[in-house]
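Reviewing the structure listed below.
Laboratory data are not the source of any read-out in this text; all were calculated from the coordinates shown. Everything numeric here is computed off the predicted structure, so don't read it as measured data. Here the Cβ is made from the backbone with ideal geometry for all residues, glycine too, and neighbour counts use every protein chain on show.
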Amino acid sequence: MQLYLTATAAQEPAAAALTRNIAHLCYRVGAEGRLMRNASPKGGCMVLTDAGQPSFCDPSGLISDVLSECRAGRFSGVVADFERVSTAESQDFLQRLSEELRRQGKRLYVPERLAPLYPGASILFCTALSGGNFQMRLRKAARSFGARRIALDAQWLRMEFPLPCPGGQGRLLSAKELSQLMEQLKPVSLFSPELCANYFTYCRGVEHRFVLYDTAETLLKKLRYGAELGCGSAFLFCSEIEDLPTLMQQIKKEKIL
């Protein structure tokens, strides 16, 4: 399994000390429909976002920009980190980009929700599940798309839920909030085999709360299972991972890479 560290320009020196495989988080689609960047990295792959006010009014020009940058940076592929609801214009751009990248032996990575639209792309499977069964969901995705097309989007889960929680929507916690909560409560944490994450419960007044969170060990379990299943790649976000050097050392020790 190919492992990438996703890093901003400011985080790249620290990431480069741990691996040569960096997913460079410094590109976005501009308001004029062309590629914007805040650095000129080399190696690894490009992360392209739709942050700000993106426009897809010039898909040919944008594709030309991306391909040119891939050649200059010697990138192996492009991660389409698109958060917005897909439009016909963005779908057309990604479809054409996917075809061009495939001709050049490079990969396009798209979120799982967009998988049916791009049969040749690699699929970003988010590991931060708050419901269901992690292993069952990953096996289902591998059967649907092929394990080699799966790229684990290894996000560090920290979330708090009210109990009961019919809608299943929790509140994201920062690393600081979770740390303060655990220091204050000193809870007994348990491991959920279904979610492959740790959890604890507590009361605040008459309200009952459920906190679900990842550790280096739970994240390692998810990566280990993905590797055993034959997933092609995985992405770790430098800004989210606590004690990243120790985690990377363990990943290399177990030869998950």
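Values computed for the structure shown
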{"item": "Of the chymotrypsin sites (Phe, Trp or Tyr not before Pro) in the range 66-120, those whose Cβ has at most 10 other Cβ within 10 Å and which sit in DSSP loop", "result": "none"}
{"item": "All lysines inside 19 Å of LYS186 as judged from Cα atoms, apart from same-chain residues fewer than 8 positions distant", "result": "LYS176"}
{"item": "Angle in degrees between helix 175-185 and the longest Cα principal axis of the chain, rounded to the nearest 10", "result": "0"}
{"item": "Nearest-ten-degree value, helix 59-73 long axis tilted from longest Cα axis of the chain", "result": "80"}
{"item": "The chain - percent relative contact order, Cα under 8 Å, separation 6 or more", "result": "18"}
{"item": "Total charge dipole magnitude, the chain, about the Cα centre, Cβ charges on Lys, Arg, Asp, Glu only, Debye to nearest 20", "result": "820"}
{"item": "Environment charge at ARG137 (Cβ cut-off 14 Å; Lys +1, Arg +1, Asp -1, Glu -1)", "result": "+2"}
{"item": "Charge context of LEU223, other residues only, Cβ under 12 angstrom, K/R +1, D/E -1", "result": "0"}
